[in-house]
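A short write-up of the structure that comes next.
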Amino acid sequence: MARTSKVIITCAVTGAIHTPTMSPHLPVTPDEIAAAAVGAAQAGAAIIHLHARDPETGRPDQSAEAFGRFLPRIKQQTAAVVNITTGGAPGMTLEQRLRPATTFRPEVASLNMGSMNFGLFPMLNRYKEWQHDWEPAALEASRDIVFRNTFKDIETVLRTLGDAGTRFEFECYDTAHLYNLAHFLDRGLVRAPLFVQTVFGILGGIGAHPDDVMHMKRTADRLFGSQYKWSVLGAGRNQLPVAAMSAAMGGNVRVGLEDSLWAGPGQLATSNAQQVTLVRQIIEGLGLQVATPDEAREILELKGGDKVAF
């Protein structure tokens, strides 16, 4: 993987993992999600990764209507690349997960590269009271849910969104997911440069030890060589240490309240912008520069913000 002094920061502003009880700073309403996205972009995020939520309950909402309440506002107020999830939340059907991206044809969409256990239930022990009944029920259900991403599912997403010129953030939670991506590259269903987001610290995927990070990078280097751009996502308290490793090795980084609620030990992040600022300080402290949205478009060979449907 060629080293570059420009580091792409992705910010995932809300996600589907954390629930309203866990942080008062988690964006839930369209206004909050739009403001979080704009703030993250102003702080230096080139790519904004987006989920939607029910504004009353905070429950994940994968309807096109929910995304439509904030996508145009983000585009009007920032130059950031918009990345729409196709992961949605574990338990959703593929049709549900695809609906926002097929409707709005973004420059980038996330794509999980394999089926896996996705254990969120350990977070049940951290809270005694909940704002909404769905929160503990959803966490408990993760004991017995397989997050489905079969070869057929992945091929469906690639063909459906690829025809619209959408590129992908390939989310790889374990070594096998890298090999799955190599399979689709060999078949010609994906093309370089691959934007490979290696994910560390989710129960059901690879851990977040430095050896795990190095193992995933070595494997990706061997499988993809100069055909990919590496990025990392460290869950929870692993966010900044894993990001620092990636930046030091020539990679890119992802932060945001989807992945971690924290700004330091025992300190809740007050905004997505705060996390972007923290990782930007690490990047610039290493003598590197943060990529602008247009530089990210050039690095990843994206179609441009004028070719989306919002």
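Here are the numbers for the structure shown:
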| quantity | calculated |
| --- | --- |
| Residue selected from the range 55-83 under the condition hydrophobic (A, V, I, L, M, F, W, C) and farther than 14 Å from Ala41 by Cβ, by the criterion surrounded by the fewest Cβ atoms within 10 Å (Cβ to Cβ) | Ala64 |
| Test for Phe121: is it closer than 24 Å to Phe310 by Cα and of a type in the set (Phe, Trp, Tyr) | no |
| Helices (runs of 4 or more DSSP H) enclosed by the range 128-235 - at least 1 residues per element that are in contact with a Lys or Arg (Cβ under 7 Å, 6 or more places away or on another chain) | 134-141 |
| Out of Arg159, Arg105, sole residue that is within 22 Å of Glu301 (Cα to Cα) and touching a residue at least 60 places away in the same chain (Cβ under 8 Å) | Arg105 |
| Qualifying positions in the range 136-153 - hydrophobic (A, V, I, L, M, F, W, C) and in contact with a helix residue (DSSP H, G or I) (Cβ under 7 Å, 6 or more places away or on another chain) | Leu139 |
| Extreme residue, farthest from Gly201 (Cα to Cα), among residues of the range 118-131 that are of a type in the set (A, V, I, L, M, F, W, C) and surrounded by fewer than 19 Cβ atoms within 10 Å (Cβ to Cβ) | Trp130 |
| Residue match in the range 106-117 (condition: modelled with pLDDT of 95 or more and surrounded by fewer than 17 Cβ atoms within 10 Å (Cβ to Cβ)) | yes |
| Only listed residue being of a type in the set (Val, Ile, Thr) and touching a Gly at 6+ places or on another chain (Cβ under 9 Å), chosen from Thr85, Thr93 | Thr85 |
| Flag for Ala37 being more than 19 Å from Leu98 (Cα to Cα), small (Gly, Ala, Ser) and surrounded by fewer than 24 Cβ atoms within 10 Å (Cβ to Cβ) | no |
| Qualifying residue in the range 244-259 (condition: in contact with an Asp or Glu (Cβ under 8 Å, 6 or more places away or on another chain), at negative phi and part of a loop (DSSP other than H, G, I, E, B)) | no |
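The values are calculated or read from the model by the stated rules, or taken from the named source; none is laboratory data. Note that the coordinates shown come from a computational prediction; the quantities given were computed from them, not determined experimentally. A quick note on method: Cβ atoms are made from the backbone with ideal geometry, for glycine too, and the neighbour counts reach across all protein chains shown.
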